[in-house]
Amino acid sequence: MHGMNTIRTLAVVVILAALLPPCVPAQSTVYSSVLATHLFVVGAANPQTGVFFQHPGDDTVWSHTGSKTIRAFNVALGPGSHGRVIYIAGGNGVHLSRDGGRTWKITTGWQITEVMCVAPDPADTNTVYCTTPYGVFKTTDGCSTWREMNTGLTALYIPSLIVEKGGLLCCVSEDGLFRSTDGGGRWDRMALSVSGTRILAQSPADPSFLIAGTENYGLYVSHDGGTIWTRSESGVDHLTFYAVAFDPVNPDIVYAGGYVTGVYKSLDGAKTWKRTNEGLANLNVHAIAVDPLDHNRVYAATLWGGVFSSVDGGAHWKSAGLSGSQVWSIVIHTL
Amino acid sequence: MNRNRVILPALAATLLGLPVSAGGASGTAADARSNVSRAEYLRGYQQRAQVIASYYDTSMAGDYYCAAARYASGKDIRTADSMFVAALKRPGGDMFWMFSCIGAYLNGKDRMSPETKAAVRNAWKTYAPYRGDTENHWAMYYSSLFLASEQWPGLPGSEWYNGKSSEENRADAKDYLIHWMEIATTIGQGEFDTPHYFTEYAVSMSLLADFAKDPDMKQRGKMMLDYLLVDFADEQLDGQYLGGYSRIYQPEVYMPITCPASAFAWLYFGTGEPVVSYWVLLPAIGEYRLPQIIHRIATDRSRSYVERERKRVRNVIRFGKEKNPPVYKYTYVTKEYGIGSLQGGLLQPIQQHTWGIQYTYGRPFTTIFGLHPYWSSYELGMFFPEEIKPLIADVVGSKGTYNNPDKWTGGSPFERTFQYRNTLIVLYDIEPGTMTEHIDGFFPRNLQERVADSSGWVFCKAGDTYIGWYPLQAGVWTQEADNWRFRSNHLRNGEVVEVRSKSEIGSFEKFCGALRLRRPGAELEPGNVAVEYTTLGGDRMNFRFPGRRTLNGKNVDLTKTPLFDGPFLHAAVGSQKLSITYGKEKLNLDFKQLTITE
């Protein structure tokens, strides 16, 4: 009997150990989704596209995960999965790995294509949203089945979607911003109906603080959760914005970037902006990410220029690899 | 994509006893070709197929086609195996790989070694093809995936490149293929009448027809191949696709006979040039046989006719509320020439060919056409999901002529057409500040006559085909390598085009004389671009940009255009039924019931 108890205890310890995250110092892993490198021609011998992750200790070396030529628009990590669950929004659909990138499955059928954004619901591991040029789709059974969620949308080209703090959804459409209070069952137009909205970001410190980037009208800011929007123009010389990122530590610091903009930085909560491009050899910025473990470490993903990094809050930049790539998104996962 | 295309010398073809169209075939000759018995047709077809197969089953190029041809003929299986295995060591080409790989496998699976079989199976596990973003990509991708999933049933997702099980892949592929067939037979193909990409559809359907185990899908494959081929057959002359196209490249656009579709015309219709192309290898070694009625339609040009068709615009994802607006195609077909047009506007990105005249004289430069060379991030943003502003640079990387002001392909939002029989009016109302503020006309250098007449008409003679082109504004002629370019630098512009053949009007002088008596009346003011013209046939055409068309005082309503309407083909929008008639012969394709009735 004593022996059996020992075995049982040992078994419990082993199981718990397997379930718990590995006991390592906190570190960040940077994931990038690459739509194309140099030139992408369907059917040709294209360079690798898809998702790459950065080698810890050498931020210019990247490893590829998943299929080699999937044209990845976006990558997301499963909340609470400690990096084991990875979603890729790709041309062929939503790719899912449940084992940290060792094996993959395309979870969507032919109806879902050119997936531009995948957004897992932090509150429910079985619920994931994805957006396409044909609208929003949702799964509630861990990617086994997907269904269309377009009621109320007046344009179906949806480049991105965020699950806001508090569980509301907000999607960015060709016809302005839309919000859903019932998990995508119905979408209602938000006050910002500027055509060609491209990106929306929510402040981690203040959920009512939203910033939207647009194709032709610059940046818009709301401090009341999206009821009133004001164009943020001071110091802004450009009109096309694809990327907005909040500093996770200092709520007044915000970054933005877009077509030939380089990186804009605001130190006063998006009231005024200043370009900060020293060393940034490519000014077409498609995504920006700030390391939660070191908020001075900032990454800029560019179209055709790969990834650039800064260790001084964007004051100076250097190439961080993937040169020649159209990098559409960059995600920092912290263990 | 014209690599591996071999034009057989006429002498070699003659020695093989193959019919070689000399161009400008007389009506009697065309009738003779269409009136062959089934046995005669099949004998000719078999000879042509054999030419193609024997080229590949002796070739040492070492690709999937060489292996497939050897498996089909039973020749030198060890060489086929070694070629196949070697090719599988470096799989690439996405859906182009998929259909050639599964095509070779299906032709050889009963003859190849176990090691070769294992290599094929392993490739479908480890090589992940991209699905692409066009209708032809998906036709290849899903027909190949469907056939592959049938060959290896019961396998878990870990045995497939995409992580889906055999059953999941089969169901997904079947669902898409049925969807595509339904939409194509309901509101028309999106990537329609393309001399370049016809082949991708035809090969995909040929493989389904030959190898699908699912009897419904086998039947669908055969029916869609009939559908595609008859759609080609009645807008085909001497091996070349006629009129407007959804997609074509240059120089194919001004050398229509060099398009890949022409290889199918030769194989199935016996028209055009004897040509060997890898695109026709898998069909040539397959079991599908063209229904006789389609061959008759392809070859009988004893009477001129009008063919009207409805197709659909590629998926519009931005700047439009309608996903697939209609395309209206109008084509006039004779034994010497065809003239055809789409209604104009942006119907396809990059490679649209809105209108053209093709004729039998002077290969390979057998066409006259015009366009407004247009490009914009707006056009690309309509159809592609990537960011709009960098899109032009992206596209130019692979389609280098896209932003070339001298290009010969592409649609324009500032171009519209109105055609009645063999008369065409084209109008342009170009927005100031557009990338190009000129229109161009393509005239081959090998024309027998190209005369800028003092009447304002340009008279051209191409064998027995006569073309009159009346530019509405002045322009400049420039000589280029293969052609003359007529460029007019006026924003509000256009041309009236009349085409007749010797058999229709008599001499070239008579044609010119008749046109000298006709001057189009034009209004070319900002926001008011219109033409009034009475044709050589005495019909009064009024056309006001962008879309007001009247014929003899009656409004022409393009929205009533059926899916197919001509002497041979009839299909109502939404019907999923195509009625094919030739004299007393009939063939009905019913995609709802999946039946073929005669």
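Things worth noting here:
- Residues (under 20 Å from residue A:159 (Cβ atoms), out of contact with any Phe, Trp or Tyr (no Cβ under 6 Å at 6 or more places or on another chain) and within 11 Å of chain B (Cβ to nearest Cβ)) located in the range A:73-100: A:90, A:91, A:92, A:93
- Filtering the range A:258-287 to residues that are in a strand (DSSP E or B) and more than 12 Å from every other protein chain (Cβ to nearest Cβ) leaves A:262, A:263, A:264, A:265, A:266, A:274, A:275.
- Some residue of the range B:490-509 being touching a strand residue (DSSP E or B) at 6+ places or on another chain (Cβ under 6 Å) and more than 28 Å from residue B:364 (Cα to Cα): yes
Condition check ((1) small (Gly, Ala, Ser); (2) within 20 Å of residue B:208 (Cβ to Cβ)) across all residues:
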residue: B:109; (1), (2): no, yes
residue: B:115; (1), (2): no, no
residue: B:121; (1), (2): no, no
residue: B:129; (1), (2): no, yes
residue: B:140; (1), (2): no, yes
residue: B:144; (1), (2): yes, yes
residue: B:150; (1), (2): no, yes
residue: B:158; (1), (2): yes, no
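- Every residue from the range B:167-198 that is out of contact with any Gly (no Cβ under 6 Å at 6 or more places or on another chain) and either under 22 Å from residue A:70 (Cα atoms) or within 11 Å of chain A (Cβ to nearest Cβ) (or both): B:168, B:169, B:170, B:171, B:173, B:174, B:175, B:176, B:177, B:178, B:179, B:180
- Pick from the range B:124-134, criterion surrounded by fewer than 22 Cβ atoms within 10 Å (Cβ to Cβ) and charged (D, E, K, R), ranking: farthest from residue B:380 (Cα to Cα): B:125
- When B:341, B:304 are screened for being of a type in the set (S, T, N, Q) and either at pLDDT below 95 or more than 30 Å from residue B:403 (Cα to Cα) (or both), only B:304 passes.
- Here is the figure for the range B:116-147: residues that are of a type in the set (A, V, I, L, M) and assigned to a loop (DSSP other than H, G, I, E, B) total 1.
- Sole residue being at the interface with chain B (Cβ under 8 Å from one of its Cβ atoms), outside any strand (DSSP E or B) and more than 27 Å from residue B:200 (Cβ to Cβ), chosen from A:103, A:69, A:113, A:125: A:103
- Listed by position, the strands (runs of 3 or more DSSP E) enclosed by the range B:493-598 that each have at least 2 residues that are exposed (fewer than 13 other Cβ atoms within 10 Å of the Cβ) and of a type in the set (Val, Ile, Thr) are B:595-597.
- In the range B:31-60, residue modelled with the lowest pLDDT [restricted to those that are outside the structural domain of residue B:272 (by TED's automatic domain parsing) and in contact with a Ser or Thr (Cβ under 6 Å, 6 or more places away or on another chain)]: B:31
- Extreme residue, farthest from the other protein chains (Cβ to nearest Cβ), among residues of the range B:359-391 that are among the hydroxyl-bearing types (Ser, Thr, Tyr) and in contact (Cβ under 8 Å) with a residue 60 or more places away in the chain: B:361
- Filter result (surrounded by fewer than 20 Cβ atoms within 10 Å (Cβ to Cβ) and under 17 Å from residue A:244 (Cβ atoms)) within the range A:296-331: A:313
- Top-ranked residue in the range B:287-330 [being of a type in the set (Ser, Thr, Tyr) and in contact with a Lys or Arg (Cβ under 8 Å, 6 or more places away or on another chain); ranked as surrounded by the fewest Cβ atoms within 10 Å (Cβ to Cβ)]: B:302
- As a summary of the residue check, residue A:110 satisfies the conditions (1) more than 17 Å from the chain's Cα centre (by Cα); (2) within 19 Å of residue A:329 (Cα to Cα); (3) crowded, with 16+ Cβ neighbours inside 10 Å except for the one numbered (2).
- Evaluation of residue A:179 against (1) assigned to a strand (DSSP E or B); (2) under 30 Å from residue A:307 (Cα atoms) (one fails), failing number: (2)
- Subset of the range B:67-115 (residues that are within 14 Å of another protein chain (Cβ to nearest Cβ), in a helix (DSSP H, G or I) and out of contact with any His (no Cβ under 7 Å at 6 or more places or on another chain)): B:87, B:96, B:97, B:98, B:99, B:100, B:101
- No other residue among B:484, B:477 is aromatic (Phe, Trp, Tyr), free of Cβ contacts under 8 Å to residues at least 40 places away in the same chain, assigned by TED's automatic domain parsing to the domain that holds residue B:355 and in a strand (DSSP E or B) apart from B:477.
- Screening residue B:162 against (1) more than 18 Å from residue B:213 (Cα to Cα); (2) more than 10 Å from chain A (Cβ to nearest Cβ); (3) of a type outside the set (Asp, Glu); (4) not in a helix (DSSP H, G or I) leaves a single unmet condition, (2).
- A residue that is among the polar types (S, T, N, Q), surrounded by fewer than 23 Cβ atoms within 10 Å (Cβ to Cβ) and either in the same structural domain as residue B:137 (by TED's automatic domain parsing) or at pLDDT below 95 (or both) cannot be found anywhere in the range B:190-203.
- Sub-8 Å Cβ pairs linking a first residue in the range A:155-172 that is away from chain B (no Cβ under 14 Å) and within 10 Å of residue A:197 (Cα to Cα) to a second residue that is hydrophobic (A, V, I, L, M, F, W, C) and part of a loop (DSSP other than H, G, I, E, B), at least 6 apart or interchain, are A:171/A:153; A:171/A:158; A:171/A:187, ordered by first then second residue.
- Unique match (being at positive phi, touching a Leu at 6+ places or on another chain (Cβ under 9 Å) and of a type outside the set (A, V, I, L, M)) among A:152, A:93, A:100, A:135: A:135
- Count - residues of the range A:189-217 that are more than 14 Å from chain B (Cβ to nearest Cβ), more than 26 Å from residue A:249 (Cβ to Cβ) and in contact with a Phe, Trp or Tyr (Cβ under 9 Å, 6 or more places away or on another chain): 5
- For the range B:139-159, filtered to residues that are away from chain A (no Cβ under 12 Å) and over 29 Å from the mean Cα position of the chain (by Cα), the residue that is farthest from residue B:593 (Cα to Cα) is B:155.
- Considering each residue of the range B:235-254 in turn, none proves to be touching a residue at least 12 places away in the same chain (Cβ under 8 Å), more than 17 Å from residue B:341 (Cα to Cα), buried (at least 24 other Cβ atoms within 10 Å of the Cβ) and touching a Pro at 6+ places or on another chain (Cβ under 6 Å).
- Filter pass, residue A:293 being surrounded by 20 or more Cβ atoms within 10 Å (Cβ to Cβ), of a type in the set (A, V, I, L, M, F, W, C) and in a loop (DSSP other than H, G, I, E, B): no
The values are calculated or read from the model by the stated rules, or taken from the named source; none is laboratory data. The structure displayed is predicted, hence computed values, not measured ones. When we count neighbours, we look across all protein chains shown, and the Cβ atoms used for this are built from the backbone with ideal geometry, even at glycine.
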